Structure formats: C-alpha cells, structure tokens
1. Go through C:N74, C:A18, C:Y60 and say which Cα lies farthest out towards the positive end of the charge dipole of the stretch C:2-117; charges sit on Cβ, +1 for Lys and Arg, -1 for Asp and Glu.
2. For chain C, what is the charge dipole size about the Cα centre, in debye to the nearest 20, if Lys and Arg each add +1 at the Cβ and Asp and Glu each add -1 at the Cβ?
3. Give the value in nm², to one decimal: projected area of the alpha carbon convex hull of the stretch B:69-174, averaged over all directions.
4. Name the nearest-to-axis residue of chain C, judged by Cβ distance to the rotation axis taking chain C onto chain B, and quote that distance in whole Å.
5. Bins of 10 Å, beginning at zero and ending with the bin holding the largest distance: percent of Cα pairs per bin for the stretch C:87-243, please.
6. How fast does the protein assembly as shown diffuse by Stokes-Einstein, in µm²/s, taking the Kirkwood radius from C-alpha pairs at 25 °C and 0.890 mPa s?
7. With just the Cα atoms of the stretch A:2-117, tell me how far they stretch along each of the three principal axes, in Å, largest first.
8. Determine the shielding of peptide C:110-121 by partner chains: average, over its residues, the number of Cβ atoms on other chains within 10 angstrom of each Cβ.
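Every number here is computed from the coordinates shown, using simple stated rules; none is lab data. Please read all numbers here as calculations on a predicted model, not as lab measurements. All Cβ positions, glycine included, derive from the backbone under ideal geometry; neighbour counts span all protein chains shown.
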Amino acid sequence: MLELRLVQGSLFKKVMEAIKDLVTDANFDCSATGFSLQAMDSSHVALVALLLRSEGFDHYRCDRNLSMGMNLGNMSKMLKCAGADDIITLKADDGSDTVTFMFESPNQDKIADFEMKLMDIDSEHLGIPEAEYQAIVRMPSNEFSRICKDLSSIGDTVVISVTKEGVKFSTRGDIGTANIVCRQNMSVDKPDEAVIIEMQEPVTLTFALRYMNSFTKASPLSNTVTISLSSDLPVVVEYKIAEMGYIRYYLAPKIEDEDEEPKPGVKNERD
Amino acid sequence: MLELRLVQGSLFKKVMEAIKDLVTDANFDCSATGFSLQAMDSSHVALVALLLRSEGFDHYRCDRNLSMGMNLGNMSKMLKCAGADDIITLKADDGSDTVTFMFESPNQDKIADFEMKLMDIDSEHLGIPEAEYQAIVRMPSNEFSRICKDLSSIGDTVVISVTKEGVKFSTRGDIGTANIVCRQNMSVDKPDEAVIIEMQEPVTLTFALRYMNSFTKASPLSNTVTISLSSDLPVVVEYKIAEMGYIRYYLAPKIEDEDEEPKPGVKNERD
Amino acid sequence: MLELRLVQGSLFKKVMEAIKDLVTDANFDCSATGFSLQAMDSSHVALVALLLRSEGFDHYRCDRNLSMGMNLGNMSKMLKCAGADDIITLKADDGSDTVTFMFESPNQDKIADFEMKLMDIDSEHLGIPEAEYQAIVRMPSNEFSRICKDLSSIGDTVVISVTKEGVKFSTRGDIGTANIVCRQNMSVDKPDEAVIIEMQEPVTLTFALRYMNSFTKASPLSNTVTISLSSDLPVVVEYKIAEMGYIRYYLAPKIEDEDEEPKPGVKNERD
C-alpha cells in the first residue's frame, strides 16, 4: 500500500513540467525514505534525478519498496486536471498495475480521482558518486533561464567560464556572437538574487543549449539554481525543492572544437 | 423597422461566442416579445435556443415580426470590432436585406456602423415541450467548464451520475479513467459557488464531451449553469442571461455500450 | 568610433519592432546630429524614416559619419535579449565590419554584449520635401491601431475622409461594409486622448490596410499618432519619439476604382 499526500499539490505539477520534456517514460521509485526518479533523456545524453523525501509529505505511507513505470506525458495530462490549490494524493495498492492521483479542492467540495495504467520499463540505476567540483555557481533560476533562452536565439552551444569575478556565458552563430557576464554579488538585499561563486580553479566548459533550456523548465520549483562544474565531470544543474529534496540534471561537456552532438551524459567524453 | 439597443453591448459579444462554434448560419427571430434564435448545430446533434426578452434592452423597437438569416462567423467578426464598453445597437429596415450593427464608445466620440448582408436560411422551429426532469443540478459555470475540459484530456464521453450526495462526472480513455465528484453544498458564503441538486430519482446518463465543451463557451454569460437530466429526454444545459433571458443547449444522451456518434439531439434515441 | 548610450534601452527595442515587419535590411546612418534610417519596405510601396537626435541619447559619440547596413531580423533577435530595464549601448569601431550592442542591467550585475556582422546594402536616400497638407489628424495611437485592425477583418483597403467634424475610416468586403467615425474632440481631460483636426479642405483618400497595420506597430513609441493627408501626396503617419525624434511612414493613396496593388509610395500614382 502506497499513499503520498501533498497539501501543496501544485509542487507535483511543477515537478512533472520539469521532467516531461526530457523524459518520455520512467520508473518512479518509492521507499520508506522517499519518492525518487532517475532517468536518461530520450536521446541518452542528459540524466535527471529527482528526490522528494518522505518527511516533506503531509502523509507518507510506503509499506514496501515499489518501482512504478509511468508515461510522463499521460501523467502530466492527469496532473494538469488538478487545480492550483488542490491537495494531491498519489495511491497504489500492492501488486496493482495502476496508480491513482486524487485531487481534493481546498474546501473538500470537489474530489477527483484519476487512475493511470502502470508500465514495465527497463532501467538501470546509475550510481552517481559524490564529487569535488572546480567551481560552483549559485544564481537566480530565472536569470539562468533567461540567459539560456537568449543565447539560443544566436547559437546552439554555450561556453560557461567561471572566474573569481563572475560567470560568463558565451555563444556564436551565423548572425554573430554573444557574451553575458554575471558578476559575483553576495551583498544584495534579497538573498535569492545573489550570484555566489565557490571556485577552486577557473573552469571553461561547453554545453548544448538545447539541454540547458530543458533543464530550466524546473525554474518554478526554486528561486535559485546551482551549477557545479569540473572539466572531468558532467555539469550538475540543481534546483532545490524546499524542505523536500531536489531535481538535478547532469550533462557532459562538449569537447573543444567538436561540432557533433554530445555523447551520453553521465560519463565525461574524454574517459 | 427594427432597433435594439444594449448599453452593455459586451453581452452581444458573449452571446455570439457562445453560439458560433456550434452553429454556422441561423435565423434570428425578432418580435414584440424579444430577440431569439433556435438552431441545430452543423452536425444536427445538438440544439441551441437563445432568448433575449425585449424588456431587457435599453431600447427595443420591432414593428413587425422579422426573421434574419445571418452567418455567425461574419457576425462574430463584426461584433469583435466593438469595444468592451461600447453601446451596441442592432438595426434593420423593413424589407432590407442587410442588418446594421452600430457601436458607440461610452463618451460618444467614436461611432462605428457595420452593415452585413442577410441570408435566406431554411429552418423549422422545433417545439420544445416543458418537461419534468429526474434531476436538476445547479453549479458554478466555470467549475462545469473546467470539469468538461479536464475530462476531455482523458476520454471522449462523460457519464453524469446524480445522487442526493452530489454529481459525479466520469470518463475513460486509453490512458486511464477519471471521476470527479462535486458534493451538494448549499451553505457557501457566495451563492454563485453553491452546488444544488433537486432530485426525483438518481439518474446516470452518458454524453459526448465534444458538445459539452462547446456549451461551456457560454460560461462568460452567467456565473451558474443548470443541468437538467432525465433518462428519456435530452439534457438541457442552461445559462441564464441576467434580466434578459437564457441560452439553452439540448443534447441527447448516448445509449449505453454504444460507441457511435450521438443522433439528433431533440429526440431521445430510444424513442 | 561610435558609441550611443540609451539608459531607457527599451526604446531601441520598440523602434526595432516598429520597423522589422516592413523592412528586411537597411542602412542606419550615424552623424553628429543623430541616428537615422530611411528605407523602402520590401515590396517598394511604403517608406519608413526614423530619426533619433543625438541630444536625446545619454551619451552620443560619433567621430565621423557612418552608414551601417543591418539585417533587421537579426538586430531584433539581439535586442530581444535586452531586459526591459536594461541600459543599451550601440558601439562600432571605425572601419569595423561589426556592430556591438551592450546591455547593462540597472544594478550593473549583468552585462551582455552582442556582436553582429554588418552588411553592404545599396540604397539611395530620397529627399522628402516639406509639404503643406490638406488635412492633419492627431489621434490616440492605440485608437488608430484598433481601427486599422478592426477594418482588416472586413476589407483590404481603408478610405479615410476628413471633414471639420471628424475623420471617417471606411472599408468594404465580401461580408459587408464598415464605417468608423472619430469626432473632433479637443476638450478631453487627458490630452493624449484628444482627436484634433487641422483642415484646409476636406479630403478623401484610399489606402491598403496591410501597410497601415504595419505602421501601427509603432504605437508603443507614442500615445498619439499624426496622419497628414493631401490628395497629391503620400500620406504621412508619424509617431513622435519623446525628446528624441520620430518615426514616419509614407504611403501613396490608391487611385479610385483601382483594385490593384499600390505603386511605390513616395510618388503619388497620378504623377
């Protein structure tokens, strides 16, 4: 028996929007500790990892570990039927091949339940080792989103360069070039608007903008984003989910002077 | 000579939006008692009936009965040119083959007149007998609209079941099933948000969602909608137009286990 | 060395939106007096003339006259990357084949520079003589925009008739006819909402609505528009740019009873 209740149900809706463009089908894993997902994007280049800890739910019951294969497009269709203020409960009986989403209006006058068939999905869980990064940038998520979108109108890739002074995002395309510099700034009135750089050494890496733009779909989940960079590792783009967990995206850098599509994201291409 | 003046001209615009997706061409009937329309939708499945009583107009002159055939797409194009606060006057000379819409800005500084050719349209006026219904549900129009839209993302038909406790809307599709229950609730602070059920006996009927979604285009005309159900009769979905009249949609229920398109709407299919 | 700085950078963005639908490529001319453009639309029917005087800029340096050929679609792509509150600086080195747009956020924490290649564009600068007009209409720019848009849903051309009482915009199409009259009105509380007519003699002229609709893209630049009409001259549709200059559009009238496309805009067709 599985029963996960979130009074602030809109969070489920935002999580779905943050994943569904990248991943078509995926297994959601439920255990006593939480509700999680790990999946490669459909072109096997980027990896997304989600964790919602059990203690963040208003009610959390998971009698035994469960892996539920879902089509994210269908799941998104159902979650779109929840009102912005609805309480959402996810339910599954042991051994059942369906999952039920229940939506309750705040005054309890309207109660909806949507039942979806589960799927069998092959997947291997990749171990992602903790790592030291050469540079970690924390910045407003809407700023990062805007930069990726703006650069996409000029070029296909972004070069991210971190120095003590700030982080530079650059691109180049047929119509010209663009450079956007965000200066380190820790003294702003609103901490969410700070740009904070923790740097061991300067680092410059290139990524496909297409994936970066998909990652920024998670912006409604958090006011800030953390970008962790090392020349030997995939970049980690992380959005914290308040008091519950996170959504993390991994993407391997493109090798300099390479114009090809990037290779699978969890291993660095030079390995 | 016909002259109908509505200071709150946006009402004409809303009426047009409520009809034009369902009906292509129709006769508008003018008499001393009011301005009315009765028309089948283009697939001859649903019926729409409009009444705007003469006393609801700011000025109403209709020297003799007149039936004006109009293309609703063209009429809608013209009414879209009226500002939200404009006074709208509909004019026609006796024997003329045109109708004129006059739009006056509130301060009278801008005056527009749009003249449209009338059409000859064959139509028979169906007598719709008053009937007793097994169940009548009154609920917020935006709630009903949202439910029809949400269920359409899952399935093609809606099963409406009314009991003393509430009204249930259900559907089923390839990706799963959905049930939405609205509980009877008469004690809310705002009467427009109440869900009120008058029931002689429980009733369960199935309808095509496509038509229901067209009917909900009338939601801007009224905060509440009334759904009258009987197993032997077409459902009536009614939106009252404050102090003027109503717009009513009729649709025959689908017979159980039938996956075909519904048949004409005024007669029940078992007749 | 060219360096043009506008603290209110959104003005550059609005100027681009006002031109880019009409003109594909154009030379921007910089001199000590200002930044200007004159270009025919791509079908060589309408002419657009822009002037931003040097004293309207927050910083203006132009060491020698410069004509910079730009693709307006690409320029627009770059300017869309500027934030609404950004300071915009346009820079070019002498002899360089590129131009740089620099965007600074108000708090200086984010600085972007976009570099675009310049083009060689053949163009001849047309002398536009000052002229006396039979009638000059000043009216709210959003009102004029709304009228052109509304009439476009009925017909392809607009007949503009000016008398002492007001200005009438008329059209005719398959579905009917439309007339919109704006009365002269100088006594309104808000001067921007006035309709003011300076008339030597009544004038009635016909224009293609397609071009008029393109001209109204400049409405965000000014609350009022001035329409100067003479039977022997192209109409001038002018939007003042506060304390800086103007954008003017020229279009030849269509000759009565002619259903063809209009001919080049600077000369009247009867010449």
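1. C:A18
2. Numbers: 28 positive and 44 negative charges, 128 e Å.
The dipole magnitude comes to about 620 debye.
3. Working: hull surface 48.1 nm².
About 12.0 nm², averaged over all directions.
4. Axis relating chain C to chain B; nearest Cβ residue and distance: C:A84, 15.
5. Whole-percent P(r) values from 0 Å outward: 9, 28, 27, 17, 15, 3.
6. Details: Rh = 31.6 Å.
Estimated diffusion coefficient is 78 µm²/s.
7. 45, 28, 25
8. Working: counts 11, 7, 10, 6, 11, 7, 5, 4, 0, 0, 0, 0.
For peptide C:110-121, the averaged partner shielding equals 5.
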